[in-house]
Every structure is written in structure tokens, then in C-alpha cells.
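**Student:** Got a structure for you, questions after.
The values are calculated or read from the model by the stated rules, or taken from the named source; none is laboratory data. If you're wondering where the values come from, they're calculated on a predicted model, not measured in any experiment. With ideal geometry, Cβ positions are generated from the backbone for all residues, glycine too; neighbour counts draw on all protein chains shown. With ligands, DNA and RNA removed, areas are computed over all heavy atoms of the protein, side chains included. Shrake-Rupley method; radii C 1.70, N 1.55, O 1.52, S 1.80 Å.
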Amino acid sequence: MLSKSQARTFFLGGTFITFAIFLGLTWNSLVNEVPEQTNVHNLTEAVVRGKTLWEENNCMGCHTIFGEGAYYAPELTKVYERRGEAYIKATLMTDIPWAPRGRKMVAYGFSEDKANDLVEFFKWVNEVDLIGFPPKPKKVQ
Amino acid sequence: MKYKSQKVAYWFFAAALLLLFIQLFYGFIMGFAHMGYDGWHNVFPFNTARAVHTNLLVMWLLIGFMGAAYYIIPEESQQELVSVKLAYIQLITFLAVGVAAVIGYHFNYWEGRKFLEIPRPLDWLVVVNVLTFLGIILTTLYKGKKRTTTSLVLVMGLVFAALLYLPGMIWFDNQTLDSFFRWWVVHLWVEGVWELIMGGILAFLLIKLTGVDREVIEKWLYVIVGLTFLSGILGTGHHYYYIGVGKIWHIVGGIFSMLEPLAFLAMALFAVGMYRKGEKKHPNKMALYWTLGTAIMSFIGAGLLGMAHTLPQTNLYTHGTLVTAMHGHLAFWGAYAMIVFSFITFALPNITGRKLYDTVNGQLAFWLSNIGMVGMTMAFGVAGVAQVYLERILGLEFGAVQKEIEIHFFVLVLLATMFSVGIIMFIIEFLKYGKPNDEAIGMEEIQLKA
Ligand code: HEM
Ligand code: HEM
Ligand SMILES: [Fe+2]
């Protein structure tokens, strides 16, 4: 039967080995994958300002991006492609809550500059290579 | 209870239950909003309600863990806490920071990163607070006569949990990196170090409740936490499928996260096994219910429902839908809320000296909350599966799909009401015990001998 010290060795050994592999894979992702898949050369100041606005207003508290966030409002990873710039700016700049189907979004009333920054952010997000997400629906007729 | 200073745990438990109660209020706001009733939008927009709901959850669980540690560590190491006063200050300041953060969420003051919404300046206060907590625990352990495996695993979990808070405080310009390191906190907490905390508390409870030999229990504790890290660390990969990193994570994350349920299965088998094996039955029957309950429900909520969407092929469709909310509720409830409830139920009679071991109210609290939560999980699940099918497979527009699934939130709110009645009964029981009492010192031991 397994003894207590063998059990401890299993715990410490397993932890150490898997953690080492995890760090290696993390390193690999940061160095070899992220720069290419996320087009870091396109990460302009406007994009970063847009990301800051995204965080300061907790947009993730209703929406998802890269599939992360809340489930109250639409996925925004591909919103730039789906809706286009004018539509996005309208939702961000209006003074009365945007509510296409009765479900309200906060009326931020952003300035044109801020709205542009967020559009830049969405444009960058749109181009990140998510290897297949969001999935393409099967068209049924 | 053997040591005077263990009484401080009582106030941690009281604070935890208070925050839980408020958490539920915000849950209802979101439930109604999903049903189409967002009349409170101007006061509590959805993102405010959500940030408060999830942050209060994490806060009360941490407060519960701290309370449990303040009770367990003196008893295991045979040493009074080094400073009770500091422990009280630590509780009050923790609450103050938490309440400040939550109030800020009502005024658009936050850092919109799911689960880590606490703004940076307040993060630092959390760090100082947690260091104080760890200081008290570690010096007590150091001065104590004994360092048992149970206490070491518990403390290891607490220390790692504190360390892992830090990657969540780094600023990244790149959303992909932001997400990557957010998971070092969120995933490595709930599917890693928090399981050590849970395992430590569970082992302590089983030693007390079943009377099985400590050596046997602690051996299995090592096996469980071994399985946890073996699967859970590389299992982080199941969050890296679709965030802008490479395909290697599909393989690594898929395989290792499929193994994660083993740790929860081991925990369930362990608890039931020790219960069967134990000869000396502790009179605190409700504590036994909750303890076996948490072991089983965590396996269902975290293990089975986690496994259901953890392969990249499935996750492609379920990622970021209400299916995730289904799993999130039963996992947090079964594993972490219930282990805190188990501990409260076990510790309260020992702290207050009143032996409400098996009451109708206590039974009702257990069954209503558990049946209510399982029902809520099913409501989320049905809504989620319908969402996946209509939106991700048939390609209907988000808003149209949400209209279709509103009815499931009506069911959700009904069951949430049942759940909440259970929680309220638990709180009433808690209040019935009255305040901590020095006369309770040594009582449990006398009783067990009788
Ligand atoms: C007690 C342990 C657990 C808790 C408290 C828990 C809780 C959660 C929560 C709250 C989320 C949403 C996180 C976010 O989007 O920020 C989540 C996501 C997820 N969990 Fe767990 N979980 C646990 C264990 C597990 C296990 C053991 C598995 C796998 C076997 C698993 C698989 C997943 C997956 C695949 C996701 C991502 C869902 C998505 O793509 O949207 N979880 N979990
Ligand atoms: C009155 C009872 C409750 C109700 C009505 C409720 C309702 C909700 C709703 C509607 C959401 C938001 C989903 C979305 O983003 O659209 C949510 C999120 C969440 N709730 Fe609750 N909840 C309740 C109790 C609880 C309890 C007791 C726990 C933990 C034990 C919990 C843990 C969570 C978690 C972890 C999330 C985030 C889930 C995710 O991101 O996937 N809730 N809740
Ligand atoms: Fe995870």
C-alpha cells in the first residue's frame, strides 16, 4: 500500500514537473505565438486608449470579448466586422440608452475621440487570430 | 474548541454570511434583467450588479477560509493565535476595503476585468491585509508545538492564493496577455490552490467527525492535492484555446483538464470512505451532512459540469455562453460555499457551547439551498444549451436568442427564491447559537469521551 511519504512525493513531484512544463509553454506562447497572432505591430496608442476605456467602464460586465466576460450582451470579438464603424460609434455616443430589443446598454455619451479609440480597439481585436473562434454557424434553410 | 483565540472565527463567519446575503440581492437583479425587467438599470446597471455579485462571492469565501484557518491552526498546532487583536483589525479592514470597492462599482470606479474588478489602489490594501493575515497564521504555526500535514496543506493553499493574486495586478496593453494572466489568478485559484484550502479543511473535519486515524486521512489528503496540481496547473490550458495563443494548448489543456475531475472524485470517495470507516460518530449530524454534501456536490458542479465543456471541440461552441454560468454556479457552491458552510456548522456549537446538532431548521436550510441551487443550475443549463444551439449553430442574432430564452430565467428566479430561503434559514440558525462563549472551551472533548 501507498505510504504517506510516497503520497507526499507524488504531490511534490507532480507539482514541480507540471509547473515547470507550464512555465515553458507560457514562455513559448509569449515569445513565439502572441506577437504574430495578435499583430503587436498594430497595437497603436489609440488601441491602448481604447482598451483602457474598455476596462474603465467595465464593458466586460455585460459583454464578452474573446469569449470572456458576461452573458448579458453580445460577443464583441467580431463586432467591427459585423456592425461596422458607424453603428459602433452610434451606440457609444448616444445620450439615451441603446436598447435595440428592449435590453438597455449604459448611455455613455462618449466624445467622438473616445468612440474612435474604442473603434480602433475593436478593429485590433477583430484581427487577432483566435484559431476558429467564434465558430461559423451552419446555415440552415 | 480548545483555545480562547479560536473564538475570533465566529466574527469571520458572521461577516461571511452577511456578504453572502447581499450577494444574493444582486443575483436577483441580474435574474430579473435577463427576464426582461431591467427597471433598475439606472441605479444598478447589469455590470454593476455583476461585479458586486461575483466580488462579494469571492470576498465572503475568503473571509470564510480565514475564519476556518483561525480556528484550525491553533487547534492543530496547539498554540493560541499570536494576536487576537490583530485578527480583529484584519477582519475589519478587509471588510472596509471590500465595501469601499463594492460601493465604487456603483460609481463606475473599477477595473473591468472579470472577477478582478477591484481597482489598483485598493488591490494594494488587499495585499497588506492578506499579509497581516498570513503573518498571524504563520507565526502561530511557527510557535506551535505541532505542524500537522492538515495545517501545512491549508497554509500552503493560503500562501499560494496570496501569491497568485499578484499576476492579476500587472497592466498589459495587449488584451490577449491580459486574459492570459487573468487566468493565473482565476483558474489557478479555483482549480488549484483553493482546492488545497478545501482539502485541508475537509481533512480537519473528517478527522474530527469520523474519528478515523489522522495518518490515514492525511495520506489521502496528499493524494488529492497531488491530483489537483498534476491536472490543474496544465489544465489552465482550457482557457487558452481561443484567446490568441497557439494550438498546443488545445492538446495540453484538453488532456489535463479532462483529468481535473479526478481530484474532485477522489475528494468525494475520500469523504464517503472515511465516513463509512469511522467508528466514533460525532454528534454533530448537520456538520456531517454538509461535509459529505460538499464532497459530492463539488464533484458534480466542478468535476462533471466542468468536464462537459472542457474539450476544445465542445468549448468552441459553449465558450462564453450561459453554459459557463451554469457550471460556475454549481462549482462555486458545491466546492467553496459548501465547505465554508460545513465548517461553520461544525465550529459553531464548539464556539458558543450550544448544541443545536440536528434541528428542523438546519435540515431545511441544507435541503432547500441544495435543491434550489441544483434547480438554478438546470435553469442556466437549459438556457445555455438553447443559446448555443440557436446562436452558435443556427446563427440567429444574439438579441433574438435572448428573447427566446427569457422564460428560463423565470424558472431561475423561482428556484433562486427557494435557494435563498434555505440561506436565510441557515442565517437564522446561526443567530440562534448566540455569541461565542469561554465556557465552551474543552466542552467538545468532554462530550466526545462520554
Ligand atoms: C471548484 C472548482 C471550479 C470552480 C469554482 C469553477 C468556476 C468557473 C467559473 C466561475 C468559470 C467562468 C470563469 C470566467 O469566465 O472568468 C469557469 C470556467 C470554466 N471552467 Fe470551471 N470551475 C471549477 C472547476 C472546473 C473543472 C474541474 C473543470 C474541468 C474539468 C472546469 C472547466 C471550465 C471551463 C472549460 C471553463 C471555460 C468556460 C468558457 O469557455 O466559457 N472548471 N469555471
Ligand atoms: C439568488 C441567487 C442567485 C441568482 C439569482 C444568481 C444569478 C446570477 C446571474 C443572472 C448571473 C450573471 C450571468 C450573466 O453574466 O449573464 C450570475 C453570475 C454569477 N453568479 Fe450568481 N446567482 C445567485 C447566487 C449565486 C451563488 C450562491 C453563487 C456562488 C456560490 C453565485 C455565483 C456566481 C458566479 C461565479 C457568477 C459568474 C458566472 C460566470 O461568469 O460564468 N451566484 N449569477
Ligand atoms: Fe479553469
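**Student:** How high is the FRET efficiency from residue A:94 to residue A:21, r the C-beta distance, R0 51 Å, rounded to 0.05? Could the numbers behind the result be given before it?
**Tutor:** Numbers: r = 49 Å, r/R0 = 0.97.
Between residue A:94 and residue A:21 the formula returns 0.55.
**Student:** For residue A:75, enumerate residues with amide H under 5 Å from its amide H, sequence gap 5+ or separate chain, H modeled in the peptide plane.
**Tutor:** Answer set, sorted by chain and number: A:64.
**Student:** With a length cut of 20 Å (Cα positions projected on each helix's long axis) and a Kyte-Doolittle mean of at least -1.0, go through chain A and give me the DSSP H helices that pass.
**Tutor:** Qualifying helices: A:4-28, A:112-127.
**Student:** Would you mind computing the Rg to Rh ratio of the range B:289-407 from its alpha-carbon coordinates, Kirkwood style for Rh? Mind showing how you got there, number by number?
**Tutor:** Numbers: Rg = 18.0 Å, Rh = 15.9 Å.
That ratio equals 1.13.
**Student:** Using a 1.4 angstrom probe, figure out how much accessible area the protein assembly as shown has per residue, in square angstrom, rounded to the nearest whole.
**Tutor:** 39
**Student:** Next question, about the same structure. Give me the accessible area buried between chains A and B, both sides summed, with a 1.4 Å probe, in Å² rounded to the nearest 100. Please list the in-between numbers first.
**Tutor:** Working: alone 10560 and 18990 Å², together 23050 Å².
For A against B, buried area totals roughly 6500 Å².
**Student:** Going by average Cβ neighbours within 10 Å, how do the peptides B:336-342, B:273-279 rank, with the highest at the top? Working shown, then result.
**Tutor:** Numbers: B:336-342: 26.7, B:273-279: 15.1.
The peptides rank, most packed first, as B:336-342, B:273-279.
**Student:** Any idea which of B:53, B:172, B:40 is furthest toward the positive side of the dipole for the range B:4-449, if Lys and Arg beta-carbons carry +1 and Asp and Glu beta-carbons -1?
**Tutor:** Positive-most Cα among the choices belongs to B:53.
**Student:** Could you give me D for the range B:23-122, from Stokes-Einstein at 25 °C and 0.890 mPa s, where the hydrodynamic radius is the Kirkwood radius over C-alpha pairs? Units µm² s⁻¹, please.
**Tutor:** On the way: Rh = 15.3 Å.
So the translational diffusion coefficient is about 160 µm²/s.
**Student:** List the equivalent ellipsoid semi-axes of the range B:361-431 in whole Å, largest first, each obtained as the square root of 5λ for an eigenvalue λ of the Cα gyration tensor. All intermediate terms of the calculation are to be shown ahead of the outcome.
**Tutor:** Working: eigenvalues 224, 19, 9 Å².
Semi-axes (√(5λ), whole Å): 33, 10, 7.
**Student:** Counting Lys and Arg as +1 and Asp and Glu as -1, what is the net charge of the other residues whose Cβ lies under 13 Å from the Cβ of residue B:262? Don't jump to the answer; show the numbers that get you there.
**Tutor:** Working: positive: none; negative: B:191, B:195, B:260.
Result for the local shell: -3.
**Student:** Could you tell me how many degrees, from 0 to 90 and to the nearest 10, lie between the Cα long axis of helix B:175-188 and the main elongation axis, the longest principal axis, of the Cα atoms of chain B?
**Tutor:** It is inclined by approximately 30 degrees.
**Student:** Using only atoms on other chains, find how many Cβ atoms lie within 10 Å of each Cβ of peptide B:315-321 and report the average.
**Tutor:** Mean number of neighbouring Cβ atoms from other chains: 6.
**Student:** What is the distance in Å between the Cα centroid of the range B:67-108 and that of the range A:4-60?
**Tutor:** 31
**Student:** For the range B:4-449, what is the Kirkwood hydrodynamic radius in Å, using each pair of distinct C-alpha atoms? All intermediate terms of the calculation are to be shown ahead of the outcome.
**Tutor:** Values: mean 1/r = 0.0446 Å⁻¹.
Result for the range B:4-449, one decimal place: 22.4 Å.
**Student:** Ok, one more. On average, how many beta carbons from a partner chain sit within 10 Å of the beta carbon of a residue in B:231-238?
**Tutor:** 3
**Student:** Let me ask something additional. Report the dimensions of the range B:55-95 along its three principal axes from the alpha-carbon atoms, largest first, rounded to Å.
**Tutor:** Its Cα atoms span 34, 19, 6 Å along the three principal axes.
**Student:** Go through the range B:212-228 residue by residue and turn each phi into a ³J(HN,Hα) via Karplus (6.51, -1.76, 1.60, θ = phi - 60°); whole Hz please, and just put x for glycine and proline.
**Tutor:** Listing the rounded values in order: 5, 4, 3, 4, 5, 4, 6, 4, 5, 4, 4, 4, 5, 5, x, 4, 4 Hz.
**Student:** Could you please put A:30, B:316 in sequence from largest to smallest accessible area, using a 1.4 Å probe?
**Tutor:** Values: A:30 55, B:316 35 Å².
Reading off the accessible areas and sorting them downward yields A:30, B:316.
**Student:** Assuming R0 = 41 Å, can you tell me the calculated FRET efficiency for the pair residue B:262 and residue B:389, based on Cβ-Cβ distance, to the nearest 0.05? Don't skip to the end; give the middle numbers.
**Tutor:** Details: r = 30 Å, r/R0 = 0.74.
Once rounded, the FRET efficiency stands at 0.85.
**Student:** Continuing with the same structure: Quick check: the angle from helix B:194-210's long axis to the longest principal axis of chain B, C-alpha only, nearest 10 degrees?
**Tutor:** So the helix axis and the longest Cα principal axis differ by about 40 degrees.
**Student:** Using Cα atoms only, what is the angle between the long axis of helix B:46-77 and the major principal axis of chain B, expressed in degrees (0 to 90) to the nearest 10?
**Tutor:** 20
**Student:** Something else about it: Can you pull the percent of Cα pairs in the protein assembly as shown with separation above 31 Å? Before the final figure, lay out each step's value.
**Tutor:** Numbers: 85186 of 174345 pairs.
Cα-Cα pairs in the protein assembly as shown separated by more than 31 Å: 49 percent.
**Student:** Reported to two decimal places, what Rg/Rh ratio describes chain A when computed on Cα atoms with Rh from the Kirkwood expression? Don't skip to the end; give the middle numbers.
**Tutor:** Details: Rg = 21.2 Å, Rh = 18.1 Å.
Rg/Rh: 1.17.
**Student:** If you don't mind, another one. Spin-label point model (7 Å from Cα, Cβ direction): what's the residue B:109 to residue B:308 distance in nm?
**Tutor:** With each label point 7 Å from Cα toward Cβ, the separation is 4.0 nm.
**Student:** To continue, here is another question. Averaged over A:6-16, how many beta carbons belonging to a partner chain fall within 10 Å of each residue's beta carbon? Before the final figure, lay out the partial values.
**Tutor:** Values: counts 3, 10, 8, 2, 6, 13, 3, 2, 8, 8, 1.
Counting Cβ atoms of other protein chains within 10 Å of each residue's Cβ and averaging gives 6.
**Student:** Roughly how many percent of the accessible protein surface of the protein assembly as shown is carbon and sulfur, given a 1.4 Å probe and a whole-percent answer?
**Tutor:** Values: 15830 of 23050 Å².
Carbon and sulfur together cover 69 percent of it.
**Student:** In addition: Where does chain B land at 222 nm, in deg cm²/dmol rounded to the nearest 500, when only DSSP H runs of n ≥ 4 count, each adding -39500 (n - 2.57), divided by all residues?
**Tutor:** Details: 17 runs with 320 residues, N = 450.
Computed ellipticity for chain B at 222 nm equals -24500 deg cm²/dmol.
**Student:** Looking only at B:429, B:439, B:75, which one moves most when chain B is put into a Gaussian network model with springs between Cα atoms under 10 Å?
**Tutor:** Result for chain B, Cα springs under 10 Å: B:439 fluctuates most.
**Student:** Along Cα→Cβ, 7 Å out, is where each label goes; now give me the distance between the ones at residue A:28 and residue B:445 in nm to one decimal.
**Tutor:** 5.5
**Student:** Moving on. For the range B:210-284, what log10 I(q)/I(0) values come out of the Debye formula at q = 0.11, 0.12, 0.13 1/Å, with one point per alpha carbon and no solvent?
**Tutor:** -0.41, -0.46, -0.51
**Student:** Within the range B:117-159, which residues have the backbone N less than 18 Å from the label spot 7 Å out from residue B:86 along Cα→beta-carbon, could you tell me?
**Tutor:** What the label zone holds, given the 18 Å backbone N cut-off, is B:125-145, B:155-156, B:158-159.
**Student:** Over all directions, how big on average is the projection of the convex hull of the alpha-carbon atoms in the range A:1-77, in square nanometres? All intermediate terms of the calculation are to be shown ahead of the outcome.
**Tutor:** Working: hull surface 35.2 nm².
Average of the hull's projected areas for the range A:1-77 equals 8.8 nm².
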